[in-house]
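The values are calculated or read from the model by the stated rules, or taken from the named source; none is laboratory data. Just so it is clear, the structure is predicted and the values come from calculations on it, not from any experiment. All Cβ positions, glycine included, derive from the backbone under ideal geometry; neighbour counts span all protein chains shown. Surface accessibility is based on the protein's heavy atoms, side chains included, excluding ligands, DNA and RNA. Shrake-Rupley method; radii C 1.70, N 1.55, O 1.52, S 1.80 Å.
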Amino acid sequence: MNRLLATVVALCSLAAPALSADELDKLKQYEYGQDQTSLLAVERQVEASMADRAKQAEMAKRLLEVMTDNGATLAAKQHAGIMLRICGTDAEAPALGKMLGEGRLGEFARGALERIPGPAAGRALRDALEGLQGPALVAVINSVANRHDREAAGRLITLAGAADPKVAAAAVHALGRIGGPEAAACLEKRAAADSGAATAEAYLSCGTIALAAGDKQAAAAVFAALAGEKYPAPVRRGALVGQLALADEPGALLARWLDGGDPAARRVAADNLDKQPTAWLLAASKGKPLDRALVFAELLAARGQQAALPLLVQAARQKDDPALRLRGIMAMTRVGDGGCVGLLIEALGDEPAVARAAVSVLSSMGAALVENAVIEAFKESDGQKRGFLADVLVARRMTRAIPLMLDLAKIEDDSALRNDVVFVLVNLGDEKTLPAIVSLLLEVKDRQHRDRLETTYLQIAKQYDNTVEPILAAMSDEAATVALLPVLGRMGGKAAETRIEKALSSANGELRAAGIRALCNWPDAGLAEKLAGLAKGEKDQAVRISALRAYIRVVSLDSDRSDAKTLQMLQWAFGVAERAEEKNLVADRVSTVRTVETLRWLVKLLDDNDVAQEACRSIVDLAHHRDLRNPNRDEFVKALRRVVEVSKDPSTVSLAKGYIEGV
């Protein structure tokens, strides 16, 4: 105890008065669940008493009074027993020993005896080994083991042969916990006659205790006895580990085990190779079959030893052995050099596990070693290999690959290439990339390709406040405006709205058509009224259809608008729809309005053959939401029964029946 702590404890001792009769009475009356003020008072007194042996002895005496008082509650006796673990002395041990067979009280006493230092507590527990039976005896055996009391070994040896299997098992376990010559001799005989795990594990524990105490001869005898094949594998491995700890030349022992045919010995050897010096690992890796040598090479590579690389490369080339190939590649992370890059790039076309390992290594190697090779390989590769090369580019944050990606983005007839290029651009592109993407939008003709490029612009731009400046800057003439208005519409914002309004009022048919597409691409319901105007009043049916579909899309997005208003707007769209397709779109999207009014409207649609099936699906979707379904049980049951009658989709019917049963 340092000087400051001693001072603090001494001050606590001076400040805290002895436990008064009143406080003692309060403790005796304590019941489980009551206010713990009396308990805390006792705890403070116990802590303070530890600085003065006389006060400690007095405190322990008063606590024992609680445990022996027939009028004290069980809760009070439990707390007194817990406090005696802290302040108990030899004086209390005999009385506590007499309680050991008294049920719960015995448990409290045993807990105290287990912690009280000095010979008297140990003697009380040993004496109890003579008179107790059943669970109480098992508990005392465990406490003796926790005290590592070797004076109890003789009695425990007798109990190890008890007729009660639980007592016998506890005694065997305790002998293993205690250790020493007597315990070891007993367990040696029992282990020789019984190959079961419990006895063998206890005997192994004796060896471990002997080894820790420096008794190498005793430890060696235990480990040698238990290394035999008749014992359970965990015990054998423990004995082998013990032999390894005792070996004068552990490296030689490991080498013999590795070359032998004993699986347990080989496993122990493999688990302990990482503790051997580098020079030994280098020597041991030579002259062995590749699968055996690779174990040493992996450990050397983990230490950054370049000498491991030839073996790793050899393993990585084993195309007929994917497991060996995978291990060789994974171990290259710290030691791979420029000579490995080609092999790793080639592996990107292998099975996915091998390819992902190659991606990991390529992503972590030095830039000078891999970056040029990866870029060149991307140009020449396709399929899975190119996809994994894209992963490498992104993992390494290789922004120098962006010019190549922009160049390859001009190719419109290769959807797989497009996917890889877009993946790299989205992950590596920045504000400086956006003007180049806009230029591409002015060049490409394929609609699908154009759509992916527009999406790429949006994904990059959202990281920069959804900037539209590159788009606006490129709208230098009507042709450019026609090409770029649709993507501008997808961005939204005041500048886009202004350009769209101007285009819609233009006499130029292409420009007006581009303005309509831009309006239909609008990201939210801010221009819903304009879409409604086109859907209702435009002469061209194709425009009316596009505008109505866009209107349905934006109206059903999350907004601050009330559910009632949104339902009204969707019902309006349903009313002006000219085709079943748009009516079904409304019936689908209306399920986002989670109200009982929506349910009632959908039930009416079940009588309309054009939309009944979609209405069934939306009713089931609404039923999925318990907070809506439970308060409206009767209406939902009726609606779901109609769904069961009307729906032609087995999965919808099954869900409806499930919700009916749930309600």
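Residue pairs whose Cβ atoms lie under 7 Å apart, sitting 6 or more positions apart in sequence or on different chains, and linking a residue in segment 645-663 that is surrounded by 13 or more Cβ atoms within 10 Å (Cβ to Cβ) to a partner that is part of a loop (DSSP other than H, G, I, E, B) and of a type in the set (A, V, I, L, M), are V646/L606.
For segment 287-306, a tally of residues being over 33 Å from the mean Cα position of the chain (by Cα) and either open to solvent by less than 60 Å² (accessible area, probe 1.4 Å) or of a type in the set (D, E, K, R) (or both) returns 4.
With respect to the conditions (1) open to solvent by 50 Å² or more (accessible area, probe 1.4 Å); (2) at pLDDT 90 or above, G261 lacks only one, and its number is (2). Contact annotation: residue pairs with Cβ atoms under 7 Å, 6 or more positions apart or on different chains, pairing a residue in segment 206-233 that is within 23 Å of A171 (Cα to Cα) and touching a residue at least 12 places away in the same chain (Cβ under 8 Å) with a partner that is among the aromatic types (F, W, Y) and surrounded by 20 or more Cβ atoms within 10 Å (Cβ to Cβ), are G207/F223; V222/Y203; L226/Y203. Tallying residues that are open to solvent by less than 50 Å² (accessible area, probe 1.4 Å) and over 22 Å from Q243 (Cβ atoms) within segment 268-281 yields 1.
Yes/no matrix, rows are residues, columns are (1) more than 47 Å from the chain's Cα centre (by Cα); (2) more than 30 Å from T595 (Cα to Cα):
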residue	(1), (2)
I500	yes, yes
S505	yes, yes
W522	no, no
K530	yes, no
A535	yes, no
Y551	no, no
V554	no, no
L557	no, no
Q568	no, no
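In segment 571-580, what count of residues is obtained for those that are touching a residue at least 12 places away in the same chain (Cβ under 8 Å) and either on the phi > 0 side of the Ramachandran plot or in a helix (DSSP H, G or I) (or both)?
Taking segment 571-580 and keeping what is touching a residue at least 12 places away in the same chain (Cβ under 8 Å), we get 571-574, 576-580.
Going one step further and asking which of them are either on the phi > 0 side of the Ramachandran plot or in a helix (DSSP H, G or I) (or both), we end up with 571-574, 576, 580.
Here the count works out to 6.
Of all residue pairs spaced 6 or more apart or on separate chains, those with beta-carbon atoms under 6 Å, a first member in segment 77-91 that is acidic (D, E) and a second member that is open to solvent by less than 70 Å² (accessible area, probe 1.4 Å) are D90/G118; D90/A120.
Given segment 147-253, what helices (runs of 4 or more DSSP H) lie entirely inside it while holding 3 or more residues that are β-branched (V, I, T)?
165-178, 197-212
Inspect all residues belonging to segment 417-428 and state whether any of them is part of a loop (DSSP other than H, G, I, E, B) and not hydroxyl-bearing (S, T, Y). No, every residue in segment 417-428 fails to be part of a loop (DSSP other than H, G, I, E, B) and not hydroxyl-bearing (S, T, Y). Looking across segment 431-487 at every residue that is assigned to a helix (DSSP H, G or I) and of a type in the set (D, E), the one that is farthest from P403 (Cα to Cα) is identified as E478.
Give Y203, Y231 a once-over and let me know the one that is touching a Leu at 6+ places or on another chain (Cβ under 6 Å) and either open to solvent by less than 70 Å² (accessible area, probe 1.4 Å) or of a type outside the set (D, E) (or both).
Exactly one of Y203, Y231 is touching a Leu at 6+ places or on another chain (Cβ under 6 Å) and either open to solvent by less than 70 Å² (accessible area, probe 1.4 Å) or of a type outside the set (D, E) (or both), namely Y203.
Contact annotation: residue pairs with Cβ atoms under 9 Å, 6 or more positions apart or on different chains, pairing a residue in segment 93-116 that is within 16 Å of A60 (Cβ to Cβ) with a partner that is open to solvent by 30 Å² or more (accessible area, probe 1.4 Å) and of a type in the set (S, T, Y), are A95/T68; M99/T68; I116/T89. Selection over segment 365-398 of residues that are surrounded by 15 or more Cβ atoms within 10 Å (Cβ to Cβ) and in a helix (DSSP H, G or I) gives a count of 19.
Residue under question is A279, and the condition is that it be of a type in the set (A, V, I, L, M), out of contact with any Ser or Thr (no Cβ under 8 Å at 6 or more places or on another chain) and in a helix (DSSP H, G or I); does it hold? Yes.
Does D391 satisfy the criteria of being at pLDDT 95 or above and of a type in the set (D, E)? So D391 fits the description; yes.
Residues are listed down the side, and each one gets a yes or a no for (1) touching a Leu at 6+ places or on another chain (Cβ under 7 Å); (2) among the basic types (K, R); (3) open to solvent by 20 Å² or more (accessible area, probe 1.4 Å); (4) at pLDDT 90 or above:
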{"position": "D25", "(1), (2), (3), (4)": "no, no, yes, no"}
{"position": "A80", "(1), (2), (3), (4)": "yes, no, no, yes"}
{"position": "D90", "(1), (2), (3), (4)": "no, no, yes, yes"}
{"position": "E130", "(1), (2), (3), (4)": "no, no, yes, yes"}
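Taking segment 328-341 as the range and being open to solvent by 50 Å² or more (accessible area, probe 1.4 Å) and at pLDDT below 95 as the test, the residues that pass are T333, R334, D337, G339.
Pairing residues of segment 591-612 that are hydroxyl-bearing (S, T, Y) with residues that are surrounded by 15 or more Cβ atoms within 10 Å (Cβ to Cβ), at Cβ distances under 6 Å and at least 6 apart in sequence or on separate chains, gives S591/S618; S591/D621; S591/L622; T592/S556; T598/L567; T598/V590.
Output the residues belonging to segment 170-182 that are of a type outside the set (V, I, T) and either open to solvent by 60 Å² or more (accessible area, probe 1.4 Å) or within 19 Å of A219 (Cβ to Cβ) (or both).
H173, L175, G176, R177, G179, G180, P181, E182
Being open to solvent by 50 Å² or more (accessible area, probe 1.4 Å) and either within 14 Å of I82 (Cα to Cα) or touching a residue at least 60 places away in the same chain (Cβ under 8 Å) (or both) is the filter here; which residues of segment 29-60 pass it? Passing the criteria: L40, E43, R44, E47. For A615, the conditions (1) under 24 Å from R553 (Cβ atoms); (2) among the aliphatic types (A, V, I, L, M); (3) modelled with pLDDT under 95 are fulfilled apart from (3).
For beta carbons closer than 6 Å, sequence separation of 6+ or different chains, a first residue in segment 388-402 that is on the phi < 0 side of the Ramachandran plot and without any contact (Cβ under 8 Å) to a residue 40 or more places away in the chain and a second that is open to solvent by less than 10 Å² (accessible area, probe 1.4 Å) and of a type in the set (G, A, S), the qualifying pairs are L393/A401. Taken together, the criteria exclude A331 from residues that are among the aliphatic types (A, V, I, L, M), closer than 30 Å to A283 by Cβ and touching a Lys or Arg at 6+ places or on another chain (Cβ under 9 Å).
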